[in-house]
Amino acid sequence: MATRTASAAKDSAIIKQLRVGCWAVSSTFSIPAGQSISAGDVIQMIRVPANSQVVFLGVRSDYFQAAIEVGDGLDDDRYLQAMSTSALFAQVCGFNAAVGTNIVAPYTYSTDDTIDILATLVSVSSVLGAFYMTAILTMDPTQYN
């Protein structure tokens, strides 16, 4: 099991945001040549600042040999549960609840975190591909520093 980090999730990533309204962050993680994804690997895709909420999340992949979950450091399937990448183009809008579960109140991040992809099943090794993610976030104006 390995943890890999896309450029939009690194500590040095500058999250361009206005403190009013929403902002969008997009990220791509390409699987390096000669490497593969294994079950249990985590790909940190997008850094999320404290006091923000995800109001839209789009995920897609051209890596055809895995099942993934999408979540964060506290809940690895907060947004998507065990979805095959062979048909992956998933969108979560307006709430923070994994697909197939009850809708819950939007989740507000109390600390900085990352939105992650967790590989739960990989059937073939050394297959190349990429994961793509776009998130639209908002911040409660009462939480500004």
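The values are calculated or read from the model by the stated rules, or taken from the named source; none is laboratory data. For clarity, every value in this text was computed on a predicted model and none was experimentally measured. Methodologically, a virtual Cβ is constructed for each residue, glycine included, from the backbone with ideal geometry; neighbour enumeration extends over all protein chains shown.
Scanning the range 81-126 for residues that are at pLDDT 85 or above and assigned to a strand (DSSP E or B) yields D113, T114, I115, D116, I117, L118, A119, T120. Only residues that are free of Cβ contacts under 8 Å to residues at least 60 places away in the same chain, over 11 Å from the mean Cα position of the chain (by Cα) and surrounded by fewer than 22 Cβ atoms within 10 Å (Cβ to Cβ) were counted in the range 48-76, giving 3. Annotation: of all residues in the range 1-26 being under 13 Å from the mean Cα position of the chain (by Cα) and buried (at least 16 other Cβ atoms within 10 Å of the Cβ), the one that is modelled with the highest pLDDT is V25. Taken together, the residues in the range 27-47 that are out of contact with any helix residue (DSSP H, G or I) (no Cβ under 8 Å at 6 or more places or on another chain) and surrounded by 22 or more Cβ atoms within 10 Å (Cβ to Cβ) amount to 3.
With a requirement of 1 or more residues that are at pLDDT 90 or above, the strands (runs of 3 or more DSSP E) lying completely within the range 27-74 that satisfy it span 42-48, 66-72.
Scanning the range 127-141 for residues that are modelled with pLDDT under 85, buried (at least 20 other Cβ atoms within 10 Å of the Cβ) and over 15 Å from the mean Cα position of the chain (by Cα) turns up at least one hit.
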